[in-house]
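Heads up: the structure comes next, in structure tokens.
The values are calculated or read from the model by the stated rules, or taken from the named source; none is laboratory data. Since this is a predicted model, take the numbers as computed values, not measurements. We place every Cβ from the backbone using ideal geometry, glycine too, and count neighbours over all the protein chains shown. Calculation scope for accessible area: heavy atoms of the full protein, side chains included, ligands and nucleic acids excluded. Shrake-Rupley method; radii C 1.70, N 1.55, O 1.52, S 1.80 Å.
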Amino acid sequence: MSAHTWQKSSFSGEAANCIHIAAADDGSIKLVESDSPDIIVTTTPEKLKAFILGIKAGEFDHFAKEPGVPDS
């Protein structure tokens, strides 16, 4: 990973495959997966905030469900 100060969620524990996040000097936010460190996604704080609010609201829960498992 680059010279950014990367942070990973405490929910990841000791897991090897997790997402890291960093604030860049230009004000952008960088995201990288630990198993693909050469692919860095860049976004803005505003877009990241909207995404996190969507996650908290459950808008993306269907992506985390296993195929073929019915809703409870």
Of all accessible heavy-atom area on the chain, the percent that carbon and sulfur account for (1.4 Å):
57
Simple spin-label estimate for ALA64 and ASP25 in nanometres, 7 Å along Cα-Cβ
3.6
Relative contact order of the chain (C-alpha contacts under 8 Å, at least 6 apart) in percent is 18
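Please count, across the chain, the pairs of lysine residues with Cα atoms under 18 Å apart that sit 8 or more places apart or on different chains. Intermediate results must be reported in sequence, preceding the final value.
Details: LYS8/LYS30; LYS8/LYS49; LYS8/LYS56; LYS30/LYS47; LYS30/LYS49; LYS47/LYS56; LYS56/LYS65.
Going through the chain pair by pair, I get 7.
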Counting only heavy atoms of the protein chains, get the accessible area per residue of the chain (1.4 Å probe) and round it to a whole Å² value.
82
Relative to the Cα centre, what is the charge dipole magnitude of the chain, using +1 at the beta carbon of each Lys and Arg, -1 at the beta carbon of each Asp and Glu, and rounding to the nearest 20 debye?
200
Convex hull over the Cα atoms of the chain, averaged projected area in nm²?
6.2
Quick check: the angle from helix 45-56's long axis to the longest principal axis of the chain, C-alpha only, nearest 10 degrees?
20
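Could you work out [θ]222 nm for the chain from helices alone, using -39500 (n - 2.57) per DSSP H run of at least four and dividing by all its residues? Round to the nearest 500 deg cm²/dmol.
Details: 1 runs with 12 residues, N = 72.
Here the helix-only value at 222 nm equals -5000 deg cm²/dmol.
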